[in-house]
Amino acid sequence: MLWNLQKARPLWITNLQEDETEEMKSPQSPSQLLNPALAHSVSVASCGNIFSCGAEDGKVRVFRVMGVKCEQELGFKGHTLGVSQVCFLPESYLLLTGGNDGKIMLWDVSSELEKKKISPKKQKSPIKHTHRKNTKRATYTKQGENSNTSVTDEAQGEFLPKLSIEHGEKVNWLLSTKIKGCQSILVADQTSCISVYPLNEF
C-alpha cells in the first residue's frame, strides 16, 4: 500500500495474490500452491521512487512510484522458499535478499530497470572473488563462477544474482552497513549470533 500520511489513507493498493492467480494458468509444482504471495519485507531505494517487496512465494518484485500509484517494473524468482528480507544498498540499485532457504543474494536490478527507461546511478563492475566464512561454512558464489552452490546453471537470459551466499540458516533480518570503512552485510537468523559478510568489492 502507498499511503498519504497527511490524510491517513491509502493512495494505491496492490494484491500480490492476483499475480499468483495469473500464473495458475501455467503448470507449477505442488509446493508453489502451498506458498502464497504474502509480503514479508519492503525496501525503498535511495532515489525514493523505486521499492522492492519480498514474498512467501520466493519472488522478489520491484515497483516504481508514479505520482499516486505504483507500477511493477520487475519480478523474478529469487529463492526456493519465502523471501524473508529485501534491502537496497545505499545510493544504488543493488538489492540484497535473504530467504527461508538459508541463502543471501545480491542482485543488480539497474540493468533491468534501464530496460524500463529508468536511469539509475552507474554501478561498479563486481570483481570475481570467492570467500569462505570459517565459522558457518558460508559459501560465496559470483555470477559466472562454477560451483555446486551457484545459481548460474539456470537458463541463459534469466535474471541471475551477482553474489550468492549459502548462509545455512533461515534469514530473519539483514542490513547493509559500513564497518570500519568496509561495506558489510549483517545477518540475523534463528541462532543468537549476528553474522557479518564483507562486501568490499561492491
Under a crude label model (7 Å from the Cα following the beta-carbon direction), how far is Thr177 from Glu18 in nanometres?
3.8
Sort the following peptides by mean Cβ neighbour count (other Cβ atoms within 10 Å, averaged over residues), highest first: 87-98, 166-177, 6-17.
87-98, 166-177, 6-17
Got a number for carbon plus sulfur as a percent of the stretch 33-81's accessible area, 1.4 Å probe?
60
Given a 1.4 Å probe and heavy atoms of the protein chains only, how would you sort Cys182, Cys193, largest accessible area at the top?
Cys193, Cys182
Take the cross-link list Lys59/Lys178; Lys103/Lys170; Lys77/Lys103; Lys77/Lys178; Lys115/Lys178 and give me the ones stretching past 19 Å between alpha-carbons.
Lys59/Lys178; Lys77/Lys178; Lys115/Lys178
Show Ser192, Ser110, Ser46 ordered by accessible area, largest first, where the area counts protein heavy atoms only and the probe is 1.4 Å.
Ser192, Ser46, Ser110
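The values are calculated or read from the model by the stated rules, or taken from the named source; none is laboratory data. Predicted model only: the values in this text are computed from it and were never measured. All Cβ positions, glycine included, derive from the backbone under ideal geometry; neighbour counts span all protein chains shown. The protein model used for the area step is the full one, side chains on, heavy atoms only, and it has no ligands, DNA or RNA in it. Shrake-Rupley method; radii C 1.70, N 1.55, O 1.52, S 1.80 Å.
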